[in-house]
């Protein structure tokens, strides 16, 4: 409930509707300081500069989409955030804490706040869908089995996997595996979720469902998301801000509407090629 003393209203005798309560996402986004800061991050593999002085920030409760052609370092940025790769230079902060100098034990603490949904799902092959989703809850150890099962039920319903909950991951389509991976990621109760090309090799129905889930998590729970994608239509549904990578550099960082209106030749070429459809025969 908002404090009326912090939002004084002048009573001029007219009847005014009550002020709209902020959503969870809006309240979290209003918290001081961004949750993630990339500052002049560079990394090379051999002689190839993958990221070259790339900078961006992600505010709490917001969704950043990282766009660009294949091989420009989109997924590398996520792996740096997870601590799987260390940059050659620059700093990366999560909630004001520098993470590039942390050892593996320190990164384990960071990964309690940030989780990643990989392209291949990274599910345990020998476990059923249900057991995969339950794994992070049991590992945390704070819940009894009845509570674990109740949460698993909700997460499986959320991603539409009720009909495959006893199946093994190898029997599922790419889209189904990715949806289950999302449910397992959410079971870890993170603050930030990273999505690596969630719509690649996924049919349109599953892609729409995944997009709806990401939107719902932001709107209802205030989740912060970073989505690596090549799919501009998917990005337009989700993005508050866009990072466009070109030849290892941040060619654009800013609001979605400014990205769409940018006169930059490389951006317009990317948007044009993404919208291109083969002629019907």
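Numerical summary
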{"quantity": "Hits in segment 160-216 (condition: more than 15 Å from the chain's Cα centre (by Cα) and closer than 11 Å to residue 117 by Cβ)", "calculated": "177, 180"}
{"quantity": "Candidates 185, 122, filtered to the one that is touching a strand residue (DSSP E or B) at 6+ places or on another chain (Cβ under 9 Å) and at positive phi", "calculated": "122"}
{"quantity": "One residue from 224, 229 being at pLDDT 85 or above, in contact with a helix residue (DSSP H, G or I) (Cβ under 6 Å, 6 or more places away or on another chain) and under 28 Å from residue 152 (Cα atoms)", "calculated": "229"}
{"quantity": "Residue list for segment 62-84, restricted to those being without any contact (Cβ under 8 Å) to a residue 12 or more places away in the chain and closer than 20 Å to residue 243 by Cα", "calculated": "71, 79"}
{"quantity": "Search result, residues across segment 58-84 that are touching a helix residue (DSSP H, G or I) at 6+ places or on another chain (Cβ under 9 Å) and not in a strand (DSSP E or B)", "calculated": "59, 60, 61, 62, 68, 69, 81, 82, 83, 84"}
{"quantity": "Count - residues of segment 181-198 that are surrounded by fewer than 24 Cβ atoms within 10 Å (Cβ to Cβ), modelled with pLDDT of 85 or more and part of a loop (DSSP other than H, G, I, E, B)", "calculated": "3"}
{"quantity": "Residue in segment 52-72 that is at negative phi, surrounded by 15 or more Cβ atoms within 10 Å (Cβ to Cβ) and out of contact with any strand residue (DSSP E or B) (no Cβ under 9 Å at 6 or more places or on another chain) present", "calculated": "no"}
{"quantity": "Cross-chain or 6+ apart pairs with Cβ under 6 Å, segment 205-221 first and surrounded by fewer than 18 Cβ atoms within 10 Å (Cβ to Cβ), then in a helix (DSSP H, G or I)", "calculated": "219/25"}
{"quantity": "Number of the exception - residue 139 against (1) within 23 Å of residue 207 (Cβ to Cβ); (2) over 19 Å from the mean Cα position of the chain (by Cα)", "calculated": "(1)"}
{"quantity": "Scan of segment 239-268 for residues that are within 25 Å of the chain's Cα centre (by Cα) and either part of a helix (DSSP H, G or I) or modelled with pLDDT under 90 (or both), ordered by number", "calculated": "256, 257, 258, 259, 260, 266, 267, 268"}
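The values are calculated or read from the model by the stated rules, or taken from the named source; none is laboratory data. The model shown is predicted, which means the values in this text are computed figures rather than measured ones. Every residue, glycine as well, gets a Cβ built from its backbone with ideal geometry; the counts of neighbours run over all protein chains shown.
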